[in-house]
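The values are calculated or read from the model by the stated rules, or taken from the named source; none is laboratory data. Computed from a predicted model, the values in this text were never measured in an experiment. Every residue, glycine among them, receives a Cβ derived from its backbone with ideal geometry; neighbour counts consider all protein chains shown.
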């Protein structure tokens, strides 16, 4: 069976992560996605890596290769009238337009909802921008570190009021972009359902700043409820609830309920220190965790991660290994579910990629083509689909429009 979005036509004007990831999620489920890149340099992701053998090559960037599977790739300067005219022709035949141009770039190109709606009233246009298309921050520039920090996540993941000597932390990579892309893809599918019902498209405005702020969970209510600022390194309301070292790696300990703690004590062999008054009851254990932690760490020094994990699992204690990237690549479970797939690219060669995020019984996820080389499908899209004369294509290439 073909993918569930096999009849969907998508145009993506995206760089780095958010719009490319949103379009990839649709492409991997069958959508016909045309990716528009700037002529010459292409998508900035091509220049971020990582690269095989650490040898920079815009056709071998792991970030680009992963984010752009199943897409046709064209080059087009949308800031020139001839380029915008061709983009309009692509949009006229599309169901979805996904982009992450910053608002000032949108203004400079004349890239806006009113323009495209006049061309295609059924179009769903999804704009994924740092701060959204309205508000006082609309025109501010922002990268991953900016949004992750301003959205509150680096503080939550770093220093609290009592640990100011330790700086806030950002997780690795382009996580805000991935989150913006996921939200953009979900919103797009919702708008497509409305399009099927009402016969009209609509404009989706995704603010990655707001996406990050929405991920803070219950930390908002810590202050009005308990006058506390949540932080990874701040005092936790219950313990043990943290990652500690075993002799061959790191394991996350969670034994906050009395029955979990009792099972953990039994797993440790009922050491005498657990009978001390200091550690009886959840409140005392939490208040005196600094002392208890020393005893627990001494015991953990003799344990292996996997052995302890399986023993804790059998005792219904919710411990978890803290996996390295190597652990994930060698995971028997992920292998059994077919999570990692090998894809052959004409320049980068055969590499292993993350595969399906979910399993669908009737319309499965599939890889139909690797990420495009820069401008690989210019002839197929502009000449074969848009019927642009071959001579005109050559002239536009000479002028740098394509």
- Does region 227-240 contain at least one residue that is modelled with pLDDT under 95, crowded, with 17+ Cβ neighbours inside 10 Å and over 30 Å from residue 177 (Cβ atoms)? yes
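This table checks each residue for (1) surrounded by fewer than 16 Cβ atoms within 10 Å (Cβ to Cβ); (2) under 27 Å from residue 178 (Cα atoms).
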{"site": "209", "(1), (2)": "no, yes"}
{"site": "242", "(1), (2)": "yes, yes"}
{"site": "261", "(1), (2)": "no, no"}
{"site": "274", "(1), (2)": "no, no"}
- Task: Residues that are within 21 Å of the chain's Cα centre (by Cα) and loosely packed, with under 14 Cβ neighbours inside 10 Å: find the helices (runs of 4 or more DSSP H) completely inside region 315-402 holding 3 or more of those.
- Result: 325-329
- Message: Exactly one condition in (1) in a loop (DSSP other than H, G, I, E, B); (2) surrounded by 17 or more Cβ atoms within 10 Å (Cβ to Cβ); (3) within 17 Å of the chain's Cα centre (by Cα) is false for residue 26; which is it?
- Response: (1)
- For region 290-298, state whether one or more residues are over 30 Å from residue 368 (Cβ atoms), in the same structural domain as residue 253 (by TED's automatic domain parsing) and in a loop (DSSP other than H, G, I, E, B). no
- Message: Of everything in region 29-47, what is under 18 Å from residue 62 (Cα atoms) and assigned to a strand (DSSP E or B)? Give them in sequence order.
- Response: 35, 37
- Task: Would you check which residues across region 33-59 are touching a residue at least 12 places away in the same chain (Cβ under 8 Å), surrounded by fewer than 22 Cβ atoms within 10 Å (Cβ to Cβ) and under 20 Å from the mean Cα position of the chain (by Cα) and list them?
- Result: 44, 47, 48, 49, 50
- Assuming residue 170 fulfils every condition listed in (1) touching a helix residue (DSSP H, G or I) at 6+ places or on another chain (Cβ under 6 Å); (2) part of a helix (DSSP H, G or I); (3) closer than 30 Å to residue 227 by Cβ apart from one, which condition is it? (2)
- Item | Selected residue [in contact (Cβ under 8 Å) with a residue 12 or more places away in the chain, within 19 Å of residue 27 (Cα to Cα), touching a strand residue (DSSP E or B) at 6+ places or on another chain (Cβ under 8 Å) and in a helix (DSSP H, G or I)] from 97, 72, 90, 63 | 90
- Message: Go through (1) surrounded by 24 or more Cβ atoms within 10 Å (Cβ to Cβ); (2) within 15 Å of residue 13 (Cβ to Cβ); (3) within 25 Å of the chain's Cα centre (by Cα) for residue 64 and report which single condition fails.
- Response: (2)
- Item | Every residue from region 100-121 that is surrounded by fewer than 16 Cβ atoms within 10 Å (Cβ to Cβ), outside any helix (DSSP H, G or I) and at negative phi | 112, 121
- Message: Is it the case, given these coordinates, that residue 174 is at pLDDT below 95 and within 24 Å of residue 189 (Cβ to Cβ)?
- Response: yes
